[in-house]
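For reference, the structure is listed below as structure tokens.
Here, each number is a calculation from the coordinates, and none is a lab measurement. As the structure is a prediction and not an experimental result, all values here were calculated from the model. Don't worry about glycine lacking a Cβ; one is built from the backbone with ideal geometry, like all the others, and counts go over all protein chains shown.
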Amino acid sequence: MKRHALIWALCLSALSACHAATPGVLDLAGPDVSARLTLDHVQRTGPVERASDGVRQQRYAFQPASHPQIVVMPPRGAWDWSAQGELRLRVQNAMPWAVTLVVEVDDVAGQQLQATVGVPAGPAQTLVVPLHATSPRDEGMQAGPPMPFGDRGQPTLLATTVQGALNLHKVSAIRLGMPAPQATQALLFGRLDVERAATALHDAYAGIVDRYGQFTRGRWPEKVDSDAALRADHATEKAGLAKSMPTGLDAYGGRPDIHGLNRTGWFHTQKTDGRWRLVTPDGHAFFSLGVNAVVADGARSYVDGREFMFRDLPPARGEWAALYGSGDSRNKDQRASAGIGYNHGRWFDFYAANLYRVDGGNWLGAWRARTLDRLQAWGFNTIGNWSDDALGRAHRLPYTRSINIVGDYANVASGYDYWGRMPDPFDPRFVRATEAAVTKASADVRDDPYLLGYFADNELAWAGNGPQGRWGLAVGTLAGDAKSPAKQAFIAMLRKKYVAPETLSAAWGIALGSWNALNATGFAAPAPNEAHPAIATDYSAWLRRYADTYFHTVAEAIRRHDPHHLFLGGRFAVNTPEAVAACAQYCDVVSFNLYADLPQHGFDAAAMHQLDKPVLIGEFHFGSDDRGPFGKGVVSVWNEQQRGEAYARFVAAAASNPDIVGAHWFQYADQPVTGRLLDGENSHIGLVGITDIPFSGFVEAVRVANRSATQASDHGR
């Protein structure tokens with residue numbers, strides 16, 4: 001009997017210890033002996049309050065400081081959360097604006113999980129932090145759904161991005177902080193607990209896409225809820241398009257009222273009265289207003305493995321079978337697609353499905369005709385990069401071609417490498433790949449006067465990241481292995497200048513026993529510094545030679561295969577002065593992909609003016625999150641109206657610059673809610689939605705801005 005009593009006592013003791021090691025429910029709205037509470041530049045103010053649902057809450061005032069925080073710790077030892085899946089906290093914002101809250105969970109070894117959330121003004125809700133690192137990229141998209149969302153009827157604010165790592169067996173603290181508030185910010189807190197069932201993350205993404213590819217939880221004017229509504233919207237639009245067609249232009253969209261320009265039979269550039277212009281084959285001024293990615297297949301999104309995100313997916317058979325496909329977007333060499341989950345398998349094309357619902361079996365032909373009507377009615381005169389070739393062949397609008405140079409040639413890392421490493425132009429295999437790419441790109445268009453010109457590649461990694469990023473390609477070249485053609489060319493250049501390794505050592509301030517030391521893979525090239533100015537001088541010379549070799553190789557191939565059309569540059573996203581100067585020397589136009597509020601804030605306009613070469617903006621856009629897709633693009637604004645206002649400012653500024661000859665919007669249609677195949681991008685940046693319905697307010701602002709820009713671009717004639 002005594003033995004049984006002893007065993008029972010030991011069991012109770014173990015249960016008690018286990019309970020002490022697990023937080024259970026911590027009440028931040030009242031005295032709680034199950035945890036230690038420390039307030040750092042935070043004041044607990046006023047009596048306990050009751051929320052609208054009757055739940056107790058306590059007001060906490062976060063004072064102006066570098067990082068005011070509430071620290072919650074176990075009464076002793078550490079919590080064991082190894083069986084738990086998510087942290088839940090009752091929170092209400094007492095301010096009339098959104099407040100940023102940082103939630104940090106520490107373990108005894110100093111590791112930490114961290115989540116930053118915006119707590120919106122309004123009623124109380126439950127903040128949920130998954131107890132593991134996660135992000136929307138894990139779910140196959142770059143931006144997650146808006147928060148809070150209704151989870152089983154309760155407003156829930158999920159931290160969709162959690163960073164770090166944690167030993168769940170030994171959790172030492174929970175920190176609720178705020179990043180440097182400039183004035184006192186008040187939040188109300190209630191229960192804080194952890195739960196075994198980690199359901200909120202799944203529920204946040206469940207059923208977010210309807211049968212039309214639209215976000216299910218949002219409402220906006222262009223959203224459709226039936227096939228009949230979809231067809232009616234298209235019919236209404238069609239009736240009004242003809243009234244907006246431009247008049248008084250030549251066959252290519254040029255302005256006949258601008259005189260003194262040459263007629264060559266091909267698009268070309270000409271500078272008159274201090275202003276660069278594109279000139280149509282008929283000799284008329286042309287300010288290129290284009291749209292990128294005008295395609296009917298850009299809204300494909302993976303469904304394999306995440307079918308729970310989609311409501312009413314059509315069956316993968318019968319008439320819908322052609323709108324399904326499969327693929328694999330994994331690319332270990334691109335940072336753009338790193339960490340994107342659901343990146344292979346079966347996909348569905350929501351955009352094409354909606355086109356089919358409207359026009360049946362002839363949907364593609366109907367879409368092409370409608371799209372050309374729209375672009376002309378909206379004041380665009382160019383079909384930009386990555387667009388349906390058939391649109392250019394229709395000879396209603398001028399178009400561009402992309403030369404995509406691919407092959408097994410060597411490459412160099414610059415540290416940016418977003419779309420991959422830099423091609424090595426010193427490799428003979430690159431020269432052969434360029435020849436093949438130009439041959440293919442020009443084969444059926446070299447005699448087409450509607451072709452504006454060629455772009456080569458896209459957003460190459462000409463520079464690295466950070467304050468020393470300008471030199472990334474030089475440092476990366478020297479870090480390559482001995483077989484690198486670029487590295488050997490750089491070493492040869494240095495040997496010619498310095499002759500002896502000791503001379504280079506002195507100039508760069510490094511120890512270099514022999515020239516062979518430079519051949520080492522991973523050679524740590526020095527960063528330029530004031531004490532050794534020769535480093536920057538040599539790096540700059542190398543960057544110019546690298547860029548000269550690249551652009552000269554491509555330009556020569558274009559001239560051989562197509563002497564008529566323009567070389568429109570390489571669509572710089574990152575650049576160096578050396579690369580831009582080389583492009584200006586070998587190209588007819590220097591193109592920049594500019595994501596900025598104004599074009600002059602995205603490139604060195606003064607330097608380009610000195611180089612005296614025309615500039616084409618290859619990409620720009622403004623996005624918001626009030627039309628379905630979760631992302632707001634590279635340059636974001638608050639709402640749809642501001643998108644139109646930002647577009648008008650940007651295009652007006654471009655047209656007023658005497659060196660800028662055009663600007664191309666990215667892109668024609670919104671990206672899918674659950675992310676495009678390539679890299680999970682899912683932003684509202686389109687002229688039309690996933691249903692192919694135009695965003696009428698934005699499109700009208702675009703039409704007015706385009707008409708004004710075309711006229712403004714020819715001032716001072």
Amide proton proximity set for residue 567, modelled H, under 5 Å, gap of 5+: 454, 588, 589
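Roughly what % of DSSP beta bridges within the chain run antiparallel, to the nearest 5? Let's see the in-between values first.
Values: 78 of 110 bridges.
Among the beta bridges of the chain, antiparallel pairing accounts for roughly 70 percent.
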DSSP-loop trypsin sites (Lys or Arg not before Pro) across the stretch 136-234, with at most 10 other Cβ within 10 angstrom: 152, 196, 219
Pair residue 316, residue 598: separation of 7 Å Cα→Cβ label points (nm): 5.2
Signed unit charges on C-beta, dipole axis of the stretch 184-227, positive-most listed residue 214, 201, 190: 190
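Please list, by residue number, every one of the GluC sites (Glu not before Pro) in the stretch 500-608 that is coil in DSSP and has at most 14 other beta-carbon atoms within 10 Å. Before the final figure, lay out each step's value.
Numbers: sites: 502, 530, 556, 578; in loops: 530.
When the GluC sites (Glu not before Pro) of the stretch 500-608 are filtered for loop state and at most 14 Cβ neighbours within 10 Å, 530 remain.
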Extended-chain gain in nm, criterion 0.36 nm per residue less alpha-carbon gap, residue 610 and residue 334: 95.9 nm
Separation of the residue 503 and residue 169 label points, Cα + 7 Å toward Cβ, nm: 6.3
Pairwise label distance in nanometres, residue 645 with residue 366, each label 7 Å out on the Cα-Cβ vector: 3.8
Charge sum, other residues only, whose C-beta stays under 15 Å from residue 418's C-beta, Lys/Arg counted +1 and Asp/Glu -1: -2
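Below 14 angstrom from the Cβ of residue 534, what's the summed charge of the other residues (Lys, Arg +1; Asp, Glu -1)?
On the way: positive: 497; negative: 502, 530, 538.
Net charge in that neighbourhood comes out at -2.
Quick one: net charge around residue 352, please, counting Lys, Arg +1 and Asp, Glu -1 for every other residue with C-beta under 13 Å from its C-beta. Kindly include the intermediate steps, with their values, before the conclusion.
On the way: positive: 300, 357, 368; negative: 297, 319, 349, 359, 388, 692.
So the environment of residue 352 carries a net charge of -3.
Dividing the convex hull volume of the Cα atoms of the chain by its residue count, what figure in Å³ per residue is obtained?
Working: hull volume 158.1 nm³, N = 717.
Residue-normalised Cα hull volume stands at 221 Å³.
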Interchain or long-range residues, amide H under 5 Å from residue 268's placed H: 279
Selection of trypsin sites (Lys or Arg not before Pro), the stretch 269-337, meeting DSSP coil and at most 15 other Cβ within 10 Å: 311, 317, 330, 332
Mean residue ellipticity (222 nm) of the chain, computed from DSSP H runs ≥ 4 via -39,500 (n - 2.57), nearest 500: -8500 deg cm²/dmol
Using a Förster distance of 41 Å, the FRET efficiency for residue 439-residue 203 (Cβ separation, nearest 0.05): 0.15
